[in-house]
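Colleague: Can you read through this structure? Questions will come right after.
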Amino acid sequence: TLAPIDAPLVDALRLDAPLRVADVACGGGGTTLRIAARAPVGSVVDGFDSSPHLVESARARVGSSEAGRISFNLADVSKALPEPPYDRLASRFGTMFFDDPPAAFANLSRWLVPGGRFAFAVWATQSDNPWIETVRDAVARVAPVPAFDPDGPGPFRYADVTKLTSLLAAAGLEAEDVVDVRTTLPIGGGLAPNQAAQFALAAMSSFGELLASAGEAAATEAHRALSERYAAHLVDGVVRLPARVHLVVGSPAR
């Protein structure tokens with residue numbers, strides 16, 4: 001679903017020489033692998049995540065030909081410190097979920113060499129991302145759904161991107177540009193409405209937990225409502241919904 005964000009993110013890293021690259025909060029490793037595919041020969045790309053399950057899943061995706069230039073590591077990036085530091089730092093939506101953002105960004109500033117470069121992707125506003133809002137609306141038909149906390153960990157924490165750029169500045173990371181990325185996302189990677197609805201309700205775990213508590217009938221109704229919404233967004237047999245992302249790019253402050 002999120003693969004369309006990888007191309008502009010990787011472009012923003014400017015992988016113009018053999019480099020050491022860290023992918024922060026790498027999840028299942030999809031972005032890490034795409035960075036490695038684009039990085040010049042001689043580069044090393046390391047993914048970091050705090051979930052043992054996701055790290056193991058990511059490691060299983062590394063082919064024998066990629067061994068030695070890609071690694072996946074279990075780490076709390078708000079505290080861990082690599083040696084030596086990296087030339088590039090990337091994150092596709094991971095920075096929105098730090099428990100203590102000032103501490104995490106202050107530590108990440110130590111991960112970059114002087115003159116290095118970072119690229120962090122975060123979601124813009126709820127109204128700009130109906131691919132999330134359609135799922136929330138379907139679940140809200142059958143179960144109480146709490147509002148997103150704009151100041152807590154969550155997808156719209158940095159919808160006002162100045163919150164993020166201010167945090168970065170305080171940590172010694174200068175945001176030199178904020179790229180406005182508008183695209184469409186293939187829900188589930190390219191599924192028809194019924195399958196896309198099933199995927200979305202399962203993949204967004206907080207909504208799945210609400211439906212599990214509400215019971216089977218509620219889950220069935222949410223799936224029906226979401227499938228109906230998705231049917232209005234078919235493009236060549238695939239459900240696609242608009243998305244908007246802030247891509248924050250910069251370097252350590254001089």
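Colleague: Which shape class, rounded, prolate or oblate, goes with the stretch 100-174 when its Cα gyration tensor gives a ≥ b ≥ c as root eigenvalues, a/c under 1.5 marks rounded, and past that a/b bigger than b/c marks prolate?
Modeller: Working: a/c = 3.31, a/b = 2.56, b/c = 1.29.
Note, shape of the stretch 100-174 comes out prolate.
Colleague: Can you give me the % of accessible surface on the chain that is carbon or sulfur? Probe 1.4 Å, all protein chains present, nothing else counted.
Modeller: Details: 6150 of 11520 Å².
Answer for the chain: carbon and sulfur cover 53 percent of the accessible area.
Colleague: I would also like to ask the following. Hey, what did the stretch 60-178 get for relative contact order, percent, Cα under 8 Å, at least 6 apart? Numbers along the way, then the final one.
Modeller: Numbers: 123 pairs, mean separation 32.8, N = 119.
Averaging sequence separation for qualifying contacts and normalising by length gives 28 percent for the stretch 60-178.
Colleague: Let me ask something else about it. Keeping all protein chains in place, calculate the accessible area per residue for the chain (probe 1.4 angstrom), answer in Å². Show your work: numbers first, answer last.
Modeller: On the way: 11520 Å² over 254 residues.
With all protein chains present, the chain gives 45 Å² per residue.
Colleague: Given contacts defined as C-alpha pairs under 8 Å and at least six residues apart, what's the relative contact order of the chain, whole-number percent? It would help to have the intermediate numbers written out before the result.
Modeller: On the way: 506 pairs, mean separation 54.6, N = 254.
Averaging sequence separation for qualifying contacts and normalising by length gives 22 percent for the chain.
Colleague: Put 184, 165 in order of accessible area, largest first, 1.4 Å probe: what do you get? Could the numbers behind the result be given before it?
Modeller: Numbers: 184 55, 165 35 Å².
Sorted descending by solvent-accessible area, the residues read 184, 165.
Colleague: Grab the Cα-Cα distance for residue 176 and residue 202, subtract it from 0.36 nm times how many residues apart they are, and report the gain in nm with one decimal.
Modeller: On the way: separation 26, 0.36 × 26 = 9.36 nm, distance 3.69 nm.
Result: 5.7 nm gained on full extension.
Colleague: Name the shape class, rounded, prolate or oblate, that the alpha-carbon gyration tensor gives for the stretch 1-83, where a ≥ b ≥ c are the square roots of its eigenvalues, rounded holds for a/c under 1.5, and otherwise prolate holds if a/b is larger than b/c and oblate otherwise. Before the final figure, lay out each step's value.
Modeller: Values: a/c = 1.34, a/b = 1.28, b/c = 1.05.
Judged from the Cα gyration tensor, the stretch 1-83 comes out rounded (a/c under 1.5).
Colleague: Let me ask something additional. Just want the answer: with Cβ charges of +1 for Lys and Arg and -1 for Asp and Glu, which residue in 102, 44, 196 is farthest toward the dipole's positive end in the chain?
Modeller: 44
Colleague: If DNA, RNA and ligands are ignored and the probe is 1.4 Å, what is the ranking of 224, 20 by accessible area, most exposed first? Show your work: numbers first, answer last.
Modeller: On the way: 224 100, 20 60 Å².
From most accessible down to least: 224, 20.
Colleague: Around residue 184, with a cut-off of 11 angstrom between Cβ atoms, what is the net charge of the other residues, counting Lys and Arg +1 and Asp and Glu -1?
Modeller: On the way: positive: 182, 240, 244; negative: none.
Taking every Cβ under 11 Å from that of residue 184, the sum is +3.
Colleague: OK, next. Express in % the proportion of alpha carbon pairs of the stretch 58-183 at distances exceeding 23 Å.
Modeller: Numbers: 3462 of 7875 pairs.
When every Cα pair of the stretch 58-183 is considered, 44 percent fall beyond 23 Å.
Colleague: With a 1.4 Å probe and all protein chains kept in place, how do 134, 1 rank by accessible area, largest first? Could you put the intermediate results ahead of the total?
Modeller: Values: 134 5, 1 40 Å².
Solvent-accessible surface, decreasing: 1, 134.
Colleague: Principal axis lengths of the chain from Cα atoms, whole Å, largest first?
Modeller: For the chain, the Cα extents along the three principal axes come out at 55, 41, 31 Å.
The values are calculated or read from the model by the stated rules, or taken from the named source; none is laboratory data. Keep in mind the model is a prediction, meaning the values are calculated, not measured. Cβ sites come from the backbone with ideal geometry, for glycine too, and all protein chains shown count toward neighbours. These accessible areas exclude ligands, DNA and RNA; they are computed on the full protein's heavy atoms, side chains included. Shrake-Rupley method; radii C 1.70, N 1.55, O 1.52, S 1.80 Å.
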